[in-house]
Every structure is written in structure tokens, then in C-alpha cells.
Amino acid sequence: MIVFAKGSVARQDEVAPHVDEEMRVAGELKAEGVIRAAYRRAAGPGVYLILEGSNIDAVRGRLDTLPFVVAGLMTLDYDEIYEI
């Protein structure tokens, strides 16, 4: 299943201590194939992600391990999508 996620960063001023760990975990998720593509917003804090997993709950469970999410600094909104 392919999932699109929009990530919103609530407290941009608090992310700095978590950046290295966030990049490490995101790299692991990319290597696992969970994150297929990741993009930063050009007009402010936030991300757009193309994700893959067995179902949306499995994808959500893996992304819930991101340090920004764990620290409550980022929320993700998920939509199941399919290619047309």
C-alpha cells in the first residue's frame, strides 16, 4: 500500500537537538523501504512523504518512531493513495 503523509512542525525552535537522530531514523526507514520519497516544504517547516507498507496502520507505526514525532514536535496526516 502506498501512503502520502503531510508532516507539520509545531515548534520549529525546539527541533535542533533532535535533527541528527531524526535523520538517522529517517535513513533507516528509507533503507527499509518504508519511506520511498521525502520532501521539505519550500515555504516553511514541514515535510511531504511518500510511504509504503502492508497497511496504513503499519506505516503509521513505523513513522511514529521518528524523534520529531516522539517528542511531539511534528504531527503527520496520512492518506492512502494509488497510482492512476
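The values are calculated or read from the model by the stated rules, or taken from the named source; none is laboratory data. Every value quoted in this text rests on a predicted model; they were computed, and no experiment measured them. Reconstructed Cβ throughout: ideal geometry from the backbone, glycine too, with neighbour counts over all protein chains shown. Note: areas computed on protein heavy atoms with side chains; ligands, DNA, RNA excluded. Shrake-Rupley method; radii C 1.70, N 1.55, O 1.52, S 1.80 Å.
Some observations on this one:
- Qualifying residues in the range 12-28 (those that are open to solvent by less than 50 Å² (accessible area, probe 1.4 Å) and in contact (Cβ under 8 Å) with a residue 12 or more places away in the chain) - the one farthest from D79 (Cα to Cα): V15
- Qualifying position, being without any contact (Cβ under 8 Å) to a residue 12 or more places away in the chain, within 14 Å of V3 (Cβ to Cβ) and either assigned to a strand (DSSP E or B) or more than 9 Å from the chain's Cα centre (by Cα) (or both), among D57, D79: D57
- Conditions (1) buried (at least 16 other Cβ atoms within 10 Å of the Cβ); (2) modelled with pLDDT of 95 or more; number of the one not met by V9: (2)
- Taking the listed residues A43, A38, A31, the one that is small (G, A, S) and in contact (Cβ under 8 Å) with a residue 12 or more places away in the chain is A38, with no other qualifying.
- Some residue of the range 29-52 being crowded, with 17+ Cβ neighbours inside 10 Å, at pLDDT 95 or above and part of a helix (DSSP H, G or I): yes
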